[in-house]
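The values are calculated or read from the model by the stated rules, or taken from the named source; none is laboratory data. If you're wondering where the values come from, they're calculated on a predicted model, not measured in any experiment. With ideal geometry, Cβ positions are generated from the backbone for all residues, glycine too; neighbour counts draw on all protein chains shown. Heavy atoms of the whole protein, side chains included, go into the accessibility calculation; ligands, DNA and RNA do not. Shrake-Rupley method; radii C 1.70, N 1.55, O 1.52, S 1.80 Å.
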Amino acid sequence: EGSKKIPVVHVPKTIDNDLPLPESVPTFGYETARAVGVGIVRNLSEDAKTTGRWYFVVAMGRTAGHLALGIGKAAGATLTVIPEEFGDEQVKITIDRIADVLEGAVIKRLSMKRGYGVAILAEGLATHIPEENLAKYGKVERDEHGHIRLGEIDLGGVLKETVVKRLKERGIKMTIVSKDLGYELRCADPIPFDCEYTRDLGYAAVKFLLEGGSGALI
């Protein structure tokens with residue numbers, strides 16, 4: 001638009017952490033979001049153990065399960081369910097399919113005399129569920145870009161009700177609480193890693209422009 005008269009440099013980021021960067025190099029903000037999420041999940045894990053209940057925690061991540069998996073692994077969650085786990089079956093993901101995984105985990109834990117746990121669910125699972133299946137559990141809304149408004153879908157609540165009902169039919173009484181990890185992850189104060197990282201990125205971007213560069217990613 002500016003006939004190349006306006007030099008441009010872009011520093012990309014996404015909380016999904018799905019940019020093709022070198023191994024072990026995250027997008028800025030991801031490590032902060034993971035750190036905050038891990039702290040919350042660890043607290044929930046202690047509460048689950050103390051009260052004998054389960055938590056179904058839905059973590060941000062529309063296009064990738066990286067954040068959910070990072071939180072689940074670092075916090076030692078009982079299990080983490082992400083769309084990538086289904087491989088080529090992604091088009092076949094349904095509420096019942098995910099509920100199968102969660103119900104099986106609860107029953108397996110009970111067989112081990114552990115009637116508690118925390119399951120981390122990537123919100124992106126909802127994007128792989130056929131709209132007609134989602135519509136059974138409430139109105140599906142879309143944003144101006146045509147994307148399903150994941151924040152309006154109570155994925156955790158729907159799965160909680162489904163699994164509780166199934167367990168009740170088996171004669172198993174279990175308290176399950178759903179929890180969304182959303183905006184509190186992306187608006188937290190940055191941890192030192194991200195503070196240093198973004199200063200380096202900003203410095204490199206400005207240096208690139210001052211040296212006459214344009215049209216690049218930093």
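Before moving on, here are some points about what is shown:
- Per-residue ellipticity at 222 nm computed for the chain from its helices equals -13000 deg cm²/dmol, with DSSP H segments shorter than 4 residues left out and the rest contributing -39,500 (n - 2.57).
- Distance between modelled label sites at residue 4 and residue 47, nm, 7 Å Cα→Cβ extension: 5.7 nm
- Estimated distance in nm for a label pair at residue 19 and residue 207, the labels positioned 7 Å out from Cα along Cα-to-Cβ: 1.7 nm
- In the range 1-102, GluC sites (Glu not before Pro) in a DSSP loop with at most 13 other beta-carbon atoms within 10 Å: 1, 23
- Potential lengthening between residue 73 and residue 96 on full extension [0.36 nm per residue; Cα-Cα distance subtracted]: 5.8 nm
- If you run the Gaussian network model on the chain, springs between alpha carbon atoms under 10 Å, then out of 19, 102, 159 the most flexible one is 19.
- Cα shape, the range 157-218, gyration tensor, a/c 1.5 rule: prolate
- Accessible area expressed per residue, the chain, with surrounding protein chains retained (probe 1.4 Å, Å²): 58 Å²
- In degrees, nearest ten, helix 155-169 long axis to first principal axis of the chain (Cα): 20 degrees
- Within the listed set 192, 83, 130, the residue fluctuating most in the Gaussian network model of the chain (springs between alpha-carbon atoms under 10 angstrom) is 192.
- Set 13/92; 73/207; 73/173; 49/168; 92/179; 13/165 screened for pairs whose C-alpha atoms are more than 32 Å apart: 73/207; 13/165
- Carbon/sulfur fraction of accessible area - the chain, other protein chains in place, 1.4 Å, %: 51 percent
- Rounded FRET efficiency, nearest 0.05, which uses the C-beta distance separating residue 183 from residue 110 and R0 of 35 Å: 0.55
- Proportion of all alpha-carbon pairs of the chain beyond 22 Å (%): 56 percent
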